[in-house]
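Peer 1: Would you mind keeping the following structure in view while I ask a few things?
The values are calculated or read from the model by the stated rules, or taken from the named source; none is laboratory data. Every value quoted in this text rests on a predicted model; they were computed, and no experiment measured them. All Cβ positions, glycine included, derive from the backbone under ideal geometry; neighbour counts span all protein chains shown. The area values use the complete protein model at the heavy-atom level, side chains included, leaving out ligands, DNA and RNA. Shrake-Rupley method; radii C 1.70, N 1.55, O 1.52, S 1.80 Å.
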Amino acid sequence: MATGNCVCKSLTSVVGWGIFTNIARYHTDNNAKSMTLRELQKIIGIEKSRPADAFATALESLRLLKANKDNNDGEKTFANTEVSSIFLDENKPTYIGDVISMFDERLYKRWDRLSEALKTNKPVGEEQGEDIESIFDKAKSNQEEAERLQKFTHAMHGISIGPAMELAKYVDFSNHRRMMDIGGGSGVYAIQVVASNPNNMCAVVLDSKPVCQVADQYILQYNLQDKVQTKVLDFFKDRFPNDCDVAFLSHVIHIFDRDKNIILLKKIHDSLPSKNGMILIGEWLLNDEKTGPIPSALMGLTMLIENTGGRSYSYSELSSMLT
């Protein structure tokens, strides 16, 4: 636990240099996708062999690289492992490097101020009192903030593909026709649900303008622009569509406090048909005893350093809000 920062920085550094993507497209004389230590040094820009060797050893110990002695000189070469090949090669649809970089750029230094956030009950952003919700407001008029928000949206796409595919398989949508993906980001969930139910389902992604622009790109990639649309919408100021029979919220509830969530859920409930309406919620759920699981508990602390009201909730707390 005390050395988790060492693992984190090893991962974020190697992702930033794009090593796994370079290895994946690199071919040696025997057509193996691997590199020698000197070739890795060149990509990273490390002049001396000592730091390069120490770094490669650390990545091998973390099972992000695997070493082989497969060239004529018996020199060690490095290849991607199954994990790094699936999740850290930029050319794979399962790439999650963007979200890892986002964690590093946005959250790493903020976590260093956790004790401050605990004592003041206030977020510790770049500006005093900056709230994660303020990003969406700033993005309306600030191009730099809009680009930050779009980068975040791209980052979340890769990490959401797996859960989105599971949603499409796990939930029976056969008796439904239109889903609103609330705070839908890249539209990854809407895309997967519609792609898996092409005969009956369509969807609309509801989010801020910069985010909807990113979603439009992904929708076009999947050639689903006739069945999946985007709509710029403020959750608390605007009305939700009244032509949907499914409402989906992926990792939205933990952003707000209980009172705001009740207002939001009531608005959603009232926009759905009285018969056959369905609300689906994906969240970092705590167990009812609030002893874990660890990712959900740590997400609660992330919300503490990020905004003024958000936190992780248990299933019983979520059920109470819905009631």
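Peer 1: Report, by chain and number, residues whose modeled amide H sits under 5 Å from the one on residue 90, excluding near sequence neighbours (fewer than 5 apart, same chain).
Peer 2: 21
Peer 1: Using a 1.4 angstrom probe, figure out how much accessible area the chain has per residue, in square angstrom, rounded to the nearest whole.
Peer 2: Per residue, the chain has an accessible area of 55 Å².
Peer 1: Starting at the first residue of region 235-249, write each ³J(HN,Hα) from the Karplus equation 6.51 cos²θ - 1.76 cosθ + 1.60 with θ = phi - 60°, in whole Hz, x for Gly and Pro.
Peer 2: Each residue of region 235-249 in turn: 4, 9, 9, 9, 7, 6, x, 10, 10, 10, 10, 9, 10, 10, 10 Hz.
Peer 1: Points 7 angstrom from Cα along the Cβ direction at residue 234 and residue 276: gap in nanometres?
Peer 2: 3.4 nm
Peer 1: What percent do you get for the relative contact order of the chain when only Cα pairs under 8 Å and 6+ apart count?
Peer 2: Rounded, it is 13 percent for the chain.
Peer 1: Now, a different point. Kindly provide the helix-only [θ] at 222 nm of the chain, computed as the sum of -39,500 (n - 2.57) over DSSP H runs of four or more divided by all residues, to the nearest 500 deg cm²/dmol?
Peer 2: Mean residue ellipticity at 222 nm (helix-derived): -14500 deg cm²/dmol.
Peer 1: What's the Kirkwood radius of region 57-115 in Å, using all Cα pairs?
Peer 2: Working: mean 1/r = 0.0731 Å⁻¹.
Computed over Cα pairs of region 57-115, the Kirkwood hydrodynamic radius comes out at 13.7 Å.
Peer 1: Round to the nearest 10 and give me the degree value, 0 to 90, for the angle of helix 258-271's Cα axis relative to the longest principal axis of the chain.
Peer 2: Approximately 60 degrees, to the nearest 10.
Peer 1: Dividing the convex hull volume of the Cα atoms of the chain by its residue count, what figure in Å³ per residue is obtained?
Peer 2: 167 Å³
Peer 1: I need the phi-derived Karplus couplings for region 58-67: 6.51 cos²θ - 1.76 cosθ + 1.60, θ = phi - 60°, integer Hz, Gly and Pro marked x.
Peer 2: For region 58-67, the Karplus curve yields 4, 5, 5, 5, 7, 6, 9, 10, 10, 9 Hz.
Peer 1: Please list 221-232, 171-182, 150-161, 1-12 highest first by mean number of surrounding beta-carbon atoms within 10 Å per residue.
Peer 2: 150-161, 171-182, 221-232, 1-12
Peer 1: Sort 33, 48 by heavy-atom solvent-accessible area, probe 1.4 angstrom, most to least.
Peer 2: 48, 33
Peer 1: Could you rank 147, 116 by how accessible they are, 1.4 Å probe, largest area first?
Peer 2: Values: 147 100, 116 65 Å².
Most to least solvent-accessible, the answer reads 147, 116.
Peer 1: Would you mind checking which residues have amide H under 5 Å from residue 202's amide H? H placed 1.01 Å from N; only 5 or more apart, or other chain.
Peer 2: The list, which skips near neighbours in sequence, is 178, 179.
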